[in-house]
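Written below as structure tokens is the structure these notes are about.
What follows is calculated from the coordinates using simple rules that are stated; it is not laboratory data. Small disclaimer: the values here were computed from a predicted structure and weren't measured. Every residue, glycine as well, gets a Cβ built from its backbone with ideal geometry; the counts of neighbours run over all protein chains shown.
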Ligand code: ADP
Ligand code: MG
């Protein structure tokens, strides 16, 4: 592996929580109806899905850099509905761990396994496999001790939080996170199960806002923004919500893919709106219309 490839990979596999996020996103992209995440430790964990699987002869491709089945050309970026598109995650993870990828493509009779440790393929063979894909990450950062040392003491909790965020955004998918199961439910119910809190709901066109105008004092303050099911950070939106005395919130924004750009950073947690002022204007009017009594 060359240096550039390792540096790029380092930006994706920055932490165990970013690794688990990539894996769960892949399961969702594969249209899984159940995603199971078992976290033994921040360095040993697995993600099991019942999605469409990977054809046997494509297993080596899946762990190659810049190899994605999700887009074919740059125009596809404008209609992107999947979480993944850069084709870097599995490759990056395979450089820094022993990665065991087992899968059976739904149109094939037999499954397969590929094992890659530190970028070197240890095994690649057909195996009988039920269906879907299982990715086991073993000994993450075994070859980068500095990074291993820098992993946070609450990393296991962070990993769970990252998966819970994806569970909130995908209420139609069953999630099992260690010993907790989230069944298919309404968005309101899924949010309640994950956060333990009930919210008020306001909707307008492309905006769905679950909110509380009073902080209930329990656990942490919930403040989440999703754009097209992706958890994102937006200072402008956070400021506007604060101005309107929204103490806790989960805001979902749904846009045509061509109106938003996530291809800003490898972690895809930044979003650029083509028309941010339109987003803010609509949000403002939603807040004004619904939260305050306007005198006639
Ligand atoms: P990307 O998600 O950007 O395409 P990844 O490195 O995360 O890149 O995955 C590479 C490819 O491996 C994907 O494009 C997909 O074809 C395949 N793949 C990875 N994980 C799964 C999964 N859980 N189910 C089905 N296919 C998968
Ligand atoms: Mg991916």
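A few comments on the model shown:
- Values of log10 I(q)/I(0) for the stretch 126-251 across q = 0.19 Å⁻¹ run -1.16, by the Debye formula with one identical scatterer at each alpha carbon and no solvent.
- Judged by the mean number of other Cβ atoms found within 10 Å, the most tightly packed of the peptides 129-135, 109-115 leads the ranking 129-135, 109-115.
- Note on the stretch 3-182: Kirkwood hydrodynamic radius from all Cα pairs is 16.4 Å, rounded to one decimal.
- Estimated [θ] at 222 nm from DSSP helical runs (n ≥ 4, -39500 (n - 2.57)) normalised by residues in the chain, nearest 500: -9000 deg cm²/dmol
- Relative intensity, log₁₀ I(q)/I(0), of the stretch 25-99 from a Debye sum that treats every alpha carbon as a point, q = 0.17, 0.19, 0.21 Å⁻¹: -0.75, -0.93, -1.10
- Relative to its Kirkwood radius, the Cα radius of gyration of the stretch 197-291 gives an Rg/Rh of 0.96.
- Separation in nanometres of the label points that stand 7 Å from Cα toward Cβ, at residue 75 and residue 109: 3.9 nm
- Given in Å, the Rg to one decimal and the Dmax to the nearest whole number for the Cα atoms of the stretch 150-211 are 13.4, 43.
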